[in-house]
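Colleague: Please read through the structure below; I'll follow up with questions.
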Amino acid sequence: MLLCALDFVLGPAYEIVIVGRPNADDTQRMLMVVRTSFIPNKILVVKPASHDSPEVVHFADFIKAQSSIGGKATAYICHNYACVMPTTDVLKLAELLEVKNASSGQ
């Protein structure tokens, strides 16, 4: 566990933000993709799309402006609080996560 903590501090960390209705099928599919991908230094945040100012924004201020696109679950993959273009496509999310895995040597 100490080595994992050291790796988290030293290695690149990725913030993955999924904005959507927590119990909706599209949100659950995105969460499944993230949870089944090996990304050891990830921070996953789920921001409910149905709230104007959800509680999680108080802890992760950088997600304040992120929203769902077209009422669909939307994924943002960020590094050092800078995000790539958001996606509502589960396959594109998986592709973006593979790129991150390859670039981190995983």
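The values are calculated or read from the model by the stated rules, or taken from the named source; none is laboratory data. All values reported here derive from a predicted model rather than from experimental measurement. Cβ atoms come from the backbone with ideal geometry, glycine included; neighbour counts cover every protein chain shown.
Colleague: Which condition does Val34 not pass, out of (1) touching a Ser or Thr at 6+ places or on another chain (Cβ under 7 Å); (2) at pLDDT 85 or above, if it passes all the others?
Modeller: Exception for Val34: condition (1).
Colleague: Taking the conditions exactly as written (part of a helix (DSSP H, G or I) and over 24 Å from Glu98 (Cβ atoms)), does Val34 satisfy them or not? Reasoning before the result, please.
Modeller: Values: part of a helix (DSSP H, G or I): yes; over 24 Å from Glu98 (Cβ atoms): no.
So Val34 fails the test.
Colleague: Determine whether the stretch 12-21 contains at least one residue that is among the aliphatic types (A, V, I, L, M), under 15 Å from Val90 (Cα atoms), out of contact with any Cys (no Cβ under 8 Å at 6 or more places or on another chain) and crowded, with 16+ Cβ neighbours inside 10 Å. Give the derivation first.
Modeller: Step one: of the stretch 12-21, the residues among the aliphatic types (A, V, I, L, M) are 13, 16-19.
Checking the rest, the ones that are also under 15 Å from Val90 (Cα atoms) come to 16-19.
Filter once more, keeping what is out of contact with any Cys (no Cβ under 8 Å at 6 or more places or on another chain): 18-19.
Those still in the list that are crowded, with 16+ Cβ neighbours inside 10 Å too: 18-19.
Checked against the condition, which is being among the aliphatic types (A, V, I, L, M), under 15 Å from Val90 (Cα atoms), out of contact with any Cys (no Cβ under 8 Å at 6 or more places or on another chain) and crowded, with 16+ Cβ neighbours inside 10 Å, the stretch 12-21 yields at least one hit.
Condition check ((1) of a type outside the set (D, E, K, R); (2) modelled with pLDDT of 90 or more; (3) under 30 Å from Met1 (Cβ atoms)) across all residues:
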| residue | (1), (2), (3) |
| --- | --- |
| Asn23 | yes, yes, no |
| His51 | yes, no, no |
| Ala60 | yes, no, yes |
| Ala65 | yes, no, no |
| Lys92 | no, yes, no |
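Colleague: Filter the stretch 64-87 down to the residues that are of a type in the set (A, V, I, L, M) and either in a strand (DSSP E or B) or within 13 Å of Tyr14 (Cα to Cα) (or both) and list them by number.
Modeller: The first filter runs over the stretch 64-87 and keeps only residues of a type in the set (A, V, I, L, M), leaving 65, 69, 73, 75, 77, 82, 84-85.
The answer is Ile69, Ala75, Ile77, Ala82, Val84.
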